[in-house]
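Right, one structure below, let's go through it.
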Amino acid sequence: MARNTSQRRDRTPKRQNTPGGEALSRAVASGDAPRGIEGLDDAAWLEVIHKMDEVYAQLVEDEIALEEKNAQLEQSQQFILGLLSSMSDVLAACNERGEIEETNAALCGLLGQPDSVVRGSRFEHWLADEASAAALRETVRAGAPMRDAGIELNLRSRDGVAVPVDFSCTPRGGPRGRRDGYLLVGRPMGELKRAYRQLREAHEALKQAQQQLLHSEKMAALGRLVAGVAHELNNPISFVLGNVHVLKRYAERLTRFVDASSQPATPSERARLRETLRVDSILTDLPSLIDGTIEGAQRTADIVIALRRFSAVDREERVAVDLNDVVERAIQWIRKGASPDFDVHWTRGAPMLVRGNPGQLLQVLMNLIQNACDAATGAQRERPELWIELACREGKVRVTIRDNGPGIADEHLPHLFEPFFTTKPPGRGTGLGLSISYGIVERHEGRLTARNASDGGAVFTVEIPQLGPET
């Protein structure tokens, strides 16, 4: 456009006479002006010459403007042709008779025909079956109300194969608002199916990666509990093992007494043997010994079941969950792990029911409690402390966890829930805990937020919709 403006400036006519006007000017100046028209003097002839100059200048201006408009029109035409040729979707602009007035390389390539053959032909000619032709006629017959109507048509390729294409049919408006035809833009169904398949595969891969990250973080949390769990298992196992040794000795004595009782002996001899082997004491001690052994074994089984439940890959099963139970269990597990020496200020209250996955909710609260303990311990407080509150507000159960640590730096707050972001020293954190917890809470239609307390320390809040009586 800058080039055209320059040309226009260079070609703008100066104030000058037309060729005929120059001759008339000389004639008027020499006194030889034509006298064929009565009443015209020299001044009148000069006025005529001036008007001719103006008309000539206007003609030159109009010619320059026309050349500029033609250049712009040609540029626009080239732009549109470039768009049509680069489109991957097939396109056909048809008039009211169904004749193709404009097309693109994608349609010609699909049909296997040159542009000169396709242009001017009826679009129905390229349809592979009568059902497609009938569907097109019905869509076009809808008239002016038709707006981006979707229609599936089978086009016939050069080798006669029917190619299903998903078309969008839009009416073409004329200069006076009348419909001049319709525009068909479509994409072969094979490409759409391939795109949908790729999207589905990508979605499945993302879900698997998410599950792997979730499981990896659970394993990291499980690793932090190993020391405490080993101690927790050692107590009942040692108790059971001690009882078994006692039962073994009792069994040996009872066997001797039974064997001796089968031999001929006087009642006094049997009584002495019974007293020597302390059979009465054994019989008195056996019930409590057996009950203690069963209790220790059951305690061991409970711990193993809880570990298996926590470490197992979660299924998306939602049940009614009392968050009091989840908080209580999370505190117990953290105490058994690497953070036994901290004070937790929490009182179990009324049931706080939500619908959710118990294992996932336990993972969230364990992660938040563990982080709070780590923060308070890292700040070298005399006694790490933690405050947990459960409340129901506006139909949501809110769990608030506050610590007496150093709080969260302002520059870190916006990044807390980003994957792999951590402020812990190397080897102390994966940077995935808060990110995964945030995703779990979101999938439970809740919110996980963080802020600094006014009197120091960090505050994390979990909000999950309350399970009402109607649900």
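Just so you know, all these numbers are worked out from the coordinates, no wet-lab data involved. Note that this is a predicted model, so its numbers are computed, not measured. FYI the Cβ positions are ideal-geometry reconstructions off the backbone, even for glycines, and counts take in every protein chain you see.
Assuming 1.002 mPa s and 20 °C, estimate D for the stretch 319-465 with Stokes-Einstein, Rh taken as the Kirkwood radius over Cα pairs, in µm²/s.
139
Mind checking the full-extension length gain between ASP285 and SER88? Use 0.36 nm per residue of separation minus the Cα-Cα distance, one decimal, nm.
Numbers: separation 197, 0.36 × 197 = 70.92 nm, distance 8.81 nm.
The span from ASP285 to SER88 would gain 62.1 nm if fully extended.
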Notebook entry, point to check: Given a Förster distance of 56 angstrom, what is the FRET efficiency for GLU68 paired with ALA209, based on the Cβ-Cβ distance and rounded to 0.05?
Noted result: 0.45
Checklist line | Computed lengthening from ARG249 to PHE421, 0.36 nm per intervening residue step minus Cα-Cα distance | finding: 56.0 nm
Check: Considering amide H positions built from the backbone, and no H for Pro or chain starts, which residues 5 or more places from LEU155, or on another chain, come under 5 Å of its amide H?
Finding: ALA128, VAL163, VAL165
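Please express the shape of the stretch 87-193 as an equivalent ellipsoid: the semi-axes are the square roots of 5 times the eigenvalues of the C-alpha gyration tensor, given largest first in whole angstrom.
Details: eigenvalues 90, 47, 32 Å².
Sorted largest first and rounded, they come to 21, 15, 13 Å.
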Check: For the peptides 255-266, 397-408, what is the packing order when you average, over each peptide's residues, the other Cβ atoms within 10 Å and list the highest mean first?
Finding: 397-408, 255-266
Notebook entry, point to check: What's the local net charge at SER261, with K and R +1, D and E -1, over the other residues with C-beta under 13 Å away?
Noted result: +3
